[in-house]
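See structure below.
The values are calculated or read from the model by the stated rules, or taken from the named source; none is laboratory data. Not measured: the values here are computed from a predicted model. Because the Cβ atoms are built from the backbone with ideal geometry, glycine has one as well, and the counts that use them run over all protein chains shown.
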Amino acid sequence: MANEEHLARLKQGIEMWNQWRENNPEVKPDLRGVDLSGADLSGANLWMADLWSADLWGADLRSTDLSDSNLWRADLRGTNLRNADLSGAYLWRADLRGADLTGVNLMGTNLSEADLWGANLQSANLSEANLWKADFRGVYLKDTIIDLQTSWEQKWKLVWQILNQGVEGLDLGEADLREANLWKADLSRANLINADLWGADLREANLMGADLWGVNLSETDLSQANLTGADLWRANLRGADLSHADFSQANLTEANLRATQILGTNFERVTLTGACIEDWDLNSATNLKLVTCEYVYLKDDQQERCPRDPNKTFGVGEFTKLFQPALETVDLTFPTGIDWQAFYLSFQALQAEYGVENLSVIALEMTGDQKLLIRFKVSPFIEKLEFDWVANQFYNQQLNLIEKQYQEQNQLKQKTREQDLKQSATLQEIIRLLAVQHDHMSI
């Protein structure tokens with residue numbers, strides 16, 4: 001159990017705590033198992049403190065001195081440890097998931113079997129640190145300092161090398177890079193044949209001209225990545241996010257694109273022959289210009305070939321014509337006129353429902369029978385009948401709301417008018433009484 005006196009002193013404030021530590025350097029604070037979740041301990045002197053199994057979830061530990069402290073099994077999830085000193089600390093099996101360790105001094109620290117999933121270790125010092133069996137999934141290691149005494153698994157050392165030393169001279173064929181954080185990594189022209197990158201973070205990565213034969217990129221985030229000219233023959237991209245990535249002139253022959261997101265993705269001049277496109281998610285901003293494709297599969301495991309006839313192939317430009325999304329139109333008519341305020345508010349609601357980029361007003365017309373027609377341009381992925389019903393519902397809701405407000409305003413005006421009349425009648429009665437009194441006084 002923690003020393004209650006030590007805990008009470010810490011709760012008095014950092015300034016008083018640090019002064020007490022300076023005056024009593026021989027005292028080792030006993031804070032075992034304490035609940036300090038969400039506490040602001042920035043700048044605190046916790047040198048040599050015993051924080052075994054302490055709950056520090058979400059605490060502010062910026063610039064805190066935790067050197068040589070005992071944080072065995074401590075809960076440090078989501079903590080802000082920027083520029084803290086953890087040199088020589090004992091963090092065996094500590095939970096540091098999602099923690100911000102930017103610029104932290106971890107020199108000589110024991111982090112064996114610690115859970116660092118999703119933590120940020122950018123510019124941290126890991127010299128002489130024991131990282132054996134620590135979980136570095138999703139950890140960002142850019143500009144992290146290591147040395148020959150840094151002890152960790154080869155997989156995470158490889159991730160560090162890619163981010164900090166580049167891939168020149170590295171053979172990444174069949175490499176295990178599952179759930180690695182390779183955000184903005186330069187992997188241009190790298191050999192990644194049959195590598196496993198399942199669940200990796202490759203946002204904004206440069207994979208231009210990379211050899212990705214048979215690579216496992218399922219569930220990866222490749223949004224805004226550059227894969228121009230990359231060779232992805234038989235690559236597995238199932239469930240990957242390829243939004244706004246550039247795949248121009250890439251080879252995706254027989255690739256698995258099932259359930260991929262290709263919103264705004266550039267597939268210009270891509271080769272897609274034999275690829276599986278089941279449930280891929282694209283929009284009008286997806287570029288399928290000049291795609292080379294003889295046939296595709298609409299279901300996984302090479303099922304439902306398109307074209308169905310095994311002796312037929314797509315003609316030049318035919319694939320693009322079949323699969324390139326084009327915006328379509330929906331007409332709404334208002335036979336009894338329109339309340340523009342209600343329309344404006346309902347249109348805002350429609351944009352919130354379907355996305356601003358997926359609909360717009362392109363025309364206002366009067367039909368032959370003098371009915372107002374408003375034409376919308378909508379994404380082909382919006383069901384027209386549903387849109388028509390939702391648009392009318394939103395408009396009628398706003399119309400009813402405005403009518404209700406109008407009625408309430410009229411009722412208020414009527415009530416005010418009645419009060420004014422009553423006050424006027426009262427005033428007239430007072431004048432009459434005063435006149436009578438004046439007559440009596442005159443007599």
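General remarks:
- Some residue of region 6-18 being in contact with a Gly (Cβ under 7 Å, 6 or more places away or on another chain), surrounded by fewer than 21 Cβ atoms within 10 Å (Cβ to Cβ) and not acidic (Asp, Glu): yes
- Which numbered condition Ala285 misses (of (1) under 22 Å from Ser243 (Cβ atoms); (2) in a strand (DSSP E or B); (3) not basic (Lys, Arg)): (2)
- Some residue of region 329-347 being surrounded by 15 or more Cβ atoms within 10 Å (Cβ to Cβ), outside the structural domain of Asn251 (by TED's automatic domain parsing) and charged (D, E, K, R): yes
- Pairs with Cβ under 6 Å, 6+ apart, first in region 79-98 and within 21 Å of Asn181 (Cα to Cα), second of a type in the set (Val, Ile, Thr): Leu81/Val104; Arg82/Thr102
- Looking only at region 92-120, and only at residues there that are among the hydroxyl-bearing types (Ser, Thr, Tyr) and under 17 Å from Arg73 (Cβ atoms), the one that is farthest from the chain's Cα centre (by Cα): Thr109
- In region 164-175 there is no residue that is modelled with pLDDT of 95 or more, closer than 21 Å to Ala119 by Cα and not polar (S, T, N, Q).
- Residues in region 123-140 that are within 20 Å of the chain's Cα centre (by Cα) and either β-branched (Val, Ile, Thr) or assigned to a loop (DSSP other than H, G, I, E, B) (or both) were compared, and the one that is surrounded by the most Cβ atoms within 10 Å (Cβ to Cβ) is Val139.
- Note on region 307-328: among residues that are hydrophobic (A, V, I, L, M, F, W, C) and at pLDDT 85 or above, the one that is surrounded by the fewest Cβ atoms within 10 Å (Cβ to Cβ) is Val316.
- Any hit, region 288-300, residues being acidic (Asp, Glu), closer than 19 Å to Val215 by Cα and crowded, with 19+ Cβ neighbours inside 10 Å: no
- Long-range neighbours under 9 Å by Cβ, at least six apart or interchain, first residue in contact (Cβ under 8 Å) with a residue 12 or more places away in the chain and under 16 Å from Ser67 (Cβ atoms) within region 21-41, second basic (Lys, Arg) and part of a loop (DSSP other than H, G, I, E, B): Leu41/Arg62
- In the set (1) small (Gly, Ala, Ser); (2) buried (at least 22 other Cβ atoms within 10 Å of the Cβ); (3) more than 30 Å from Asp211 (Cα to Cα), the condition left unmet by Ala119 is number (3).
- Failed item, numbered, when Trp72 is tested on (1) closer than 28 Å to Gln122 by Cα; (2) in contact with an Asp or Glu (Cβ under 8 Å, 6 or more places away or on another chain); (3) of a type in the set (A, V, I, L, M, F, W, C): (2)
- Gly264 being within 19 Å of Asn216 (Cα to Cα) and surrounded by fewer than 22 Cβ atoms within 10 Å (Cβ to Cβ): no
Results for (1) surrounded by 20 or more Cβ atoms within 10 Å (Cβ to Cβ); (2) basic (Lys, Arg); (3) more than 18 Å from the chain's Cα centre (by Cα), shown as yes or no for each residue.
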| position | (1), (2), (3) |
| --- | --- |
| Leu192 | yes, no, yes |
| Leu197 | yes, no, yes |
| Glu204 | no, no, no |
| Ala210 | yes, no, yes |
| Gly214 | no, no, yes |
| Leu217 | yes, no, yes |
| Leu222 | yes, no, no |
| Ala225 | yes, no, no |
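- Counting only strands (runs of 3 or more DSSP E) that fall entirely inside region 328-378 and contain at least 1 residues that are under 29 Å from Ala285 (Cα atoms) and hydroxyl-bearing (Ser, Thr, Tyr), the qualifying elements are 328-334, 359-366.
- Members of region 189-237 found to be part of a strand (DSSP E or B), acidic (Asp, Glu) and closer than 21 Å to Asp281 by Cβ, listed by number: Asp201, Asp221
- Put simply, of Ala285, Ala259 the only residue that is surrounded by fewer than 19 Cβ atoms within 10 Å (Cβ to Cβ), among the aliphatic types (A, V, I, L, M) and in contact (Cβ under 8 Å) with a residue 60 or more places away in the chain is Ala285.
- In a residue-by-residue description of region 64-74, the property of being at pLDDT 95 or above, in a loop (DSSP other than H, G, I, E, B), surrounded by fewer than 18 Cβ atoms within 10 Å (Cβ to Cβ) and not basic (Lys, Arg) applies to no position.
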